[in-house]
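Bear in mind that the values in this text are calculations on the coordinates, not laboratory data. Bear in mind the structure is a predicted one, so any value in this text is a computation, not a measurement. Don't worry about glycine lacking a Cβ; one is built from the backbone with ideal geometry, like all the others, and counts go over all protein chains shown.
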Amino acid sequence: MKKNLNEIYAIVPSAGIGTRFESEVPKQYIEVNGISILEKTINHFLDLEIFEKIIVPISSEDIFFEKLSISKHEKIIKVVGGVTRSESVMSALGHIKENCVVVVHDGVRPYIDQKEIKFLVENFNPEEEDILAYGIPIYEALKKINQDDLFVKKSVDRNKFYLAQTPQITTSYLLENSLEHCFKDNFQPNDESEAIERAGGRIRILPGNRKNIKITVAEDIAEKTIVNERVGNGFDSHRFENGDGLMLGGVKVPYHKSFLAHSDGDIIIHALIDSMFGAVSLGDIGDHFPDTDMKWLNISGKELFEIAYNKVLKKGFSLKQIDIVVIMEEPKLSEYKPDIILSLSNLTNLKEDGIGLKAKTSEKMGFTGKKEGAAAFVITRLEEK
């Protein structure tokens, strides 16, 4: 990629009303597995640091976007889109002052993989191609038909055709000029590559992913309701030493002892991190935060969680549920449970009813039974974003 094109913007056209979807709510705001299609789509871009801004053209009559949790994100620029997709993209381009790289992606393609977005950006070379797009080969028999009566005019060699997908990557000035030429000819391109093709540009295709479908009709959602889930379990324990309280789930529980640990010894959060790492094959907590590294000396469990969770998000998964068992003879945790659950809810952005917390004794057996220390087991459920 040219060095002077180091700023990258994403444009996610979302002004459509989805007439083919047959719903009172525009299809981009339909929820699938608890999150709207548009929000799921945009999250893939927000989780990547390479984008300067993400511009989202929406309808002038849109009443749904402001209700999304991402609507106030500092990287989001909301603009009024047009009647057509190309008009919406042109509106977004008007908010980019300098020539830069732009990645355009359909707001209703929520199953794009972040690795594919990064791969597209890394492989774009404006000296060789004017636009780089994903595409997939056609495997079904392809027919040219008479649109009036649906009779077949002739069969077509499918090997000569690809289905174009998004994201597509180009430069902002080239895309803007290409769209202007289309508008002058009263032509509405189906995608950015068609606009640039019409202006004489060079298009290169990267092999795409069949999972990256564009949701057009209700059946498309029905095919995608199966969730890719992961479950992990984690464990942590620490000895006691003389002190003034125990850190548990980000809450300091009064006690005449503290945990003997390199960090703050928060066994709940440490076991939580361990379980998340296990679920997405990232090893264990000691691989990432070894107690031989002074960088982690006295660091809080909350700080460790933030670092750890970013690693999990980059793997394409988010936390959905936590179940915790703390094993200790004393102190009794019953009165502190609500505070610990609230602390974990704030830390993880999970609702409180998505966090289970139990406290058990070991019937005076083992090191916990002898009041030498405490332990925690955590099971987590994660979903692919």
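Exceeding 25 Å between C-alpha atoms, which entries from my cross-link table qualify? They are K40/K184; K211/K315; K211/K320.
Check vs 25 Å cut-off fails for K40/K184.
Could you state the per residue volume, in Å³, of the convex hull enclosing the Cα atoms of the chain?
182 Å³
Using Cα-Cα distances under 8 Å and only pairs 6 or more residues apart, what relative contact order does the chain have, in percent?
15 percent
Within 10 Å, Cβ to Cβ, of R202, how many net charges do the neighbouring residues add up to if Lys/Arg are +1 and Asp/Glu are -1?
Neighbourhood net charge equals -3.
Just to confirm the number: angle between the C-alpha axis of helix 172-184 and the first principal axis of the chain, 0 to 90 degrees, nearest 10?
For helix 172-184, the angle is close to 40 degrees.
Pairing the Cα long axis of helix 301-314 with the longest principal axis of the chain, what angle in degrees results, from 0 to 90 and rounded to the nearest 10?
Taking the Cα atoms of the chain, the angle to 301-314 is about 30 degrees.
Can you give the percent of C-alpha pairs in the stretch 8-222 whose distance is more than 26 Å?
Pairs farther apart than 26 Å: 35 percent.
Please give the length that would be gained between S71 and E303 if that part of the chain were fully extended, namely 0.36 nm times their separation in residues minus their C-alpha to C-alpha distance (nm, one decimal).
Extra length available between S71 and E303 comes to 80.9 nm.
Only bridges whose two residues both fall in the stretch 229-384 count here: according to DSSP, what percent of them are antiparallel, nearest 5?
In the stretch 229-384, approximately 80 percent of DSSP beta bridges are antiparallel ones.
Give the percent of DSSP beta bridges with both residues in the chain that are antiparallel, rounded to the nearest 5.
Rounded to the nearest five, the antiparallel share is 65 percent.
Please build a GNM for the chain, connecting alpha carbons under 10 Å apart, and tell me which residue among M294, M328, M276 fluctuates the most.
So, out of M294, M328, M276, the one fluctuating most is M294.
What dipole magnitude, in Debye to the nearest 20, does the chain give about its Cα centre under +1 on Lys/Arg Cβ and -1 on Asp/Glu Cβ?
So the magnitude is around 520 debye.
How much length, in nm to one decimal, is gained on full extension between H95 and K351, taken as 0.36 nm per residue of separation minus their Cα-Cα distance?
Here the segment from H95 to K351 would lengthen by 88.5 nm.
Would you mind pulling out the separation of the Cα centroids of the stretch 92-136 and the stretch 234-249, in Å?
A separation of 48 Å, based on Cα centres.
Show which lysines lie in cross-link reach of K332 when reach means a straight Cα distance below 27 angstrom and same-chain residues fewer than eight apart are skipped.
K252, K257, K302, K351, K358, K360, K364, K370, K371
Relative to the present Cα-Cα distance, how much length would full extension add between F119 and E363 at 0.36 nm per residue of separation?
82.4 nm
Which value at 222 nm does the chain reach when only helices count, each DSSP H run of 4 or more adding -39,500 (n - 2.57), with the total divided by all residues and rounded to the nearest 500 deg cm²/dmol?
Helices in the chain give a 222 nm mean residue ellipticity of -7500 deg cm²/dmol.
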